[in-house]
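What follows is a set of notes on a single structure, which appears directly below.
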Amino acid sequence: MSESEDKKVFLLGKTKSEIEALVQELSLPKFTAQQILEWIYKKRVTQIDQMTNLSVKTREILSERYTAERIKYTDVKISQDKTKKYLFPTEKGSFIEAAFIPDKERYTLCVSSQTGCKMGCLFCATGRQGFQGNLSTFEILNQIFSIDESAKITNLVYMGMGEPFDNFEPVMKSLEILTSSYGLGWSPKRITVSTIGIIPNLVKFLEKSQCHLAISLHSPFEEDRKKLMPIGNVYNLLDVIKILREFEINSQRRISFEYIMFKGINDTLRHVNELARLLNGIKCRINLLKFHPVANVPFESPDIMTIRRFKDALNDKGILTTLRTSRGLDIEAACGLLSTKKLLQKTKEQEVHHKETHK
């Protein structure tokens, strides 16, 4: 659904200033803006008729152009470890994923920010879809508001499909709504945004948000990282590290580095030593992840003993390093796998329909 004359505009995803602007445009009382925000973000209504402290006339005027509805997920898969993978359709006819990960008293939702991705990382299933479009602020927040466990979420990570800093404005608007008193009022410490290091927007994020930051690293050696992540040809790793040093001082923000381990590529003592040199003086942690197979990707994960030795060696160097537990493997919870399958299925169905209609 797009913001066009024949389709209503979603209220979910609108910031306070945007709601105030639409209220003014519709010549509604100024206080109506606060009432709408309360209904959408605090009471989470899905129908404008449910906004009972608005006059009938106001609701009629608002309903002519706007809607409080959401887009429901079309599929959900539940893992043996209780991880749940939700599949949502986008306004443009593609699919995105959100993964709900329960862990004792911690309930994390991993959300997507784009459909597909243009960054071209060699190990990523999402990247192999190609880039299909940016998500709107509504589509980002819809994942949070529309899963069955919405009220349980304790932590949010922007680590699903897409590169958040390549869709910067909608992502930042979603963070504003999540952390502002008029929205959900969450502490920024509940939210982590992951990026491969798009420097201009990295700087803006550090200036405007106090949310935690995760950098996709995967190799401390610039040339090796460029082979895995072509973005390194545009934004130099050393420049990214320099910026983090400048902003890390006096900040309560947690900085972490995501490091997927590839057998024979980035799992040696040489890499440990270079990581220690590169990150020396930065208060941070490294999250190690096992690589899990992706179709037509020629990488393997090291054995568990190699990974543990790597982790222990980094901890011995004074860098807090953890091995992130793999979750939802039986339901293809790694980002991009489920939506890729659904996209291929849709494409095949369209091809069959085309052939049948052109016999």
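Data for the structure
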item	result
Scope the range 89-119; condition among the aromatic types (F, W, Y) and farther than 16 Å from L329 by Cα; matching residues	F95, Y107
Counted residues, the range 219-229 - those being touching a residue at least 12 places away in the same chain (Cβ under 8 Å), crowded, with 16+ Cβ neighbours inside 10 Å and in a helix (DSSP H, G or I)	3
Within the range 73-128, considering residues that are assigned to a loop (DSSP other than H, G, I, E, B) and among the basic types (K, R), the one modelled with the lowest pLDDT	K92
Residue satisfying all of: in the range 243-270; of a type in the set (D, E, K, R) and modelled with pLDDT under 95; surrounded by the fewest Cβ atoms within 10 Å (Cβ to Cβ) among these	E246
Of the criteria (1) in contact with a helix residue (DSSP H, G or I) (Cβ under 7 Å, 6 or more places away or on another chain); (2) at positive phi, which one S219 fails	(2)
Matching residues in the range 24-36 - criterion: being crowded, with 21+ Cβ neighbours inside 10 Å and among the aliphatic types (A, V, I, L, M)	A33, I36
Test for K204: is it part of a helix (DSSP H, G or I) and over 15 Å from the mean Cα position of the chain (by Cα)	yes
Condition check for K30: over 30 Å from G160 (Cα atoms) and either assigned to a loop (DSSP other than H, G, I, E, B) or under 21 Å from the mean Cα position of the chain (by Cα) (or both)	yes
Exclusive hit being under 17 Å from E258 (Cα atoms), touching a residue at least 12 places away in the same chain (Cβ under 8 Å) and surrounded by 21 or more Cβ atoms within 10 Å (Cβ to Cβ), set S216, S174	S216
Positions within the range 285-300 being on the phi < 0 side of the Ramachandran plot, in a loop (DSSP other than H, G, I, E, B) and not acidic (D, E), in sequence order	F291, H292, P293, V294, A295, V297, P298, F299
Selection status of F262, in contact with a Phe, Trp or Tyr (Cβ under 6 Å, 6 or more places away or on another chain) and more than 22 Å from V111 (Cα to Cα)	yes
In the range 189-209, residue nearest to R245 (Cα to Cα) [restricted to those that are surrounded by 16 or more Cβ atoms within 10 Å (Cβ to Cβ), touching a residue at least 40 places away in the same chain (Cβ under 8 Å) and not hydrophobic (A, V, I, L, M, F, W, C)]	G197
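The values are calculated or read from the model by the stated rules, or taken from the named source; none is laboratory data. Small disclaimer: the values here were computed from a predicted structure and weren't measured. Neighbour counts run over all protein chains shown; Cβ positions are idealised from the backbone, glycine included.
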